[in-house]
Amino acid sequence: MAGATAIFNAGAYAGPAFGSLLAAWLLSRHGWHVMFWVIGVIGLAWLVPWLVWFRLPEHSRWLTDSERDHITGRRGTSAQDAAAGTPALRALAKQRTIWVLAIAQGTAGYTQYLFSTWLPSYLEHVHGLSVFASGTYSAIPYIAAVIGGVAIGTLSDRLLKAGGTHSGNRRIGVAACLLASSVVLAAPAISSTASAPAV
């Protein structure tokens, strides 16, 4: 399950990886106006198939009744309740697991924002890189996140399979990865241009 989620989540990092390269190339060759329009048009172009094909399981026309019931049953909601829009936020807010996930996701989101906003300008102003070079270096953490995320997701499945859901192996792995990611705080102390994105 974690492996499949990691593959799905890899798209969130693959986008900025390729986007950093594309945006840096457009900005250095054609200026920010062209970059702004090209990136915007790509986003709008993706919106069209999303609006056409995306549906919640209870509203999807291509699912059979058994598939729909299986999906909604696995998420703890019947098709009737989901269709009626039964609120579940209050019940979720009472679960400790949800709060832990929110904190983990919040720190991951902050780190991603740091890489997409601070790192390019840092490489450009402190290390004297060109716009294209800083964008290229800024793609490195995202590429590593795609590869590392899938690998860690696969490892997480193995840990869960070996110890069960109550062993705590997966939680320990998540905590270890979050602590390891704090190495990014050492980036300003790195003098080597090639080493800064790797940290």
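The values are calculated or read from the model by the stated rules, or taken from the named source; none is laboratory data. All values derive from a computational prediction rather than experimental measurement. Note: areas computed on protein heavy atoms with side chains; ligands, DNA, RNA excluded. Shrake-Rupley method; radii C 1.70, N 1.55, O 1.52, S 1.80 Å.
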Sort out which residues of segment 123-153 are of a type in the set (S, T, N, Q) and open to solvent by 60 Å² or more (accessible area, probe 1.4 Å), and write them in order of number.
Ser130
From the list Ile172, Ile98, Ile143, Ile152, pick out the single residue that is modelled with pLDDT of 85 or more and among the hydrophobic types (A, V, I, L, M, F, W, C).
Ile143
Give the residues of segment 35-55 that are among the aromatic types (Phe, Trp, Tyr) and either assigned to a helix (DSSP H, G or I) or modelled with pLDDT of 90 or more (or both), sorted by residue number.
Phe36, Trp37, Trp46, Trp50, Trp53
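Check whether at least one residue in segment 59-68 is modelled with pLDDT under 90, of a type in the set (D, E, K, R) and within 26 Å of the chain's Cα centre (by Cα), and report yes or no.
Looking for residues that are modelled with pLDDT under 90, of a type in the set (D, E, K, R) and within 26 Å of the chain's Cα centre (by Cα), one finds none in segment 59-68, hence no.
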